[in-house]
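Data first, discussion second: the structure below is written as structure tokens.
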Amino acid sequence: MSGRAACRLSSAVAVTIPNLLTSLRIVAAPVAGVAILRGHLEVALVLFVAASVTDGLDGLLARVLHQQSRLGAFLDPLADKSLLLACYVALATVGKGPAWLTATIVVRDVLIVSAVYLIYRRIGRFTMAPSLPGKVTTFLQMATVAALLVKGWRGPVIPFALGGLYVTTALATVISGIHYITVGMRLAEEGSG
């Protein structure tokens, strides 16, 4: 196989360093969740921090190496959601995280996925770039998981600070959910008109 054909094959299946890093985050999600459920919070914390670092690294590498792909654009938010949901659900299940915050995050994600599905069914396509509210929400959700893992492993963190982080994360989650659904509805109206 010539170098040119190998290059076409690689770009067709989107096997790139950034996509491999993103795939590792997807694999880390259930492993971190199981570690939490089994009481190995230090293992979950290491996995979570490593996966969170690769969240920024994969995007940076994709831009620097000119390896951006549609697959990567699809996998990146899937990896974020998988990791966060696995950790939030596991933490709530073992009583190490607030169930109300987990429910807020799950409901928001279900509503967004449902809206995307309905919009796609209506206009036959759907693309939306990550937004500032979405990025802030992801950062806060990741910071909250890290704080909960540290608290569960090492003991109390500053209680009022953790409570403030819960509320801030919940508000950002709701605001970004409303933002994404509003933008999606506007795109659906423009696309069907």
>> For the stretch 3-192, compute the orientation-averaged projected area of the C-alpha convex hull (one quarter of its surface), in nm².
In response: 12.0
>> Could you work out [θ]222 nm for the chain from helices alone, using -39500 (n - 2.57) per DSSP H run of at least four and dividing by all its residues? Round to the nearest 500 deg cm²/dmol.
In response: -29500 deg cm²/dmol
>> Run through the stretch 79-139 and list the trypsin sites (Lys or Arg not before Pro) located in a DSSP loop whose Cβ has at most 15 other Cβ atoms within 10 Å.
In response: ARG125
>> If you fit an axis through the alpha-carbon atoms of helix 3-13 and take the longest principal axis of the Cα set of the chain, what angle between them do you get, 0 to 90°, nearest 10?
In response: 50
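FYI, it's all coordinate maths here, none of it is from the lab. Keep in mind it's a predicted model, so treat the numbers as computed, not measured. Heads up, the Cβs are rebuilt from the backbone with ideal geometry, glycines too, and the neighbour counts pull from every protein chain shown.
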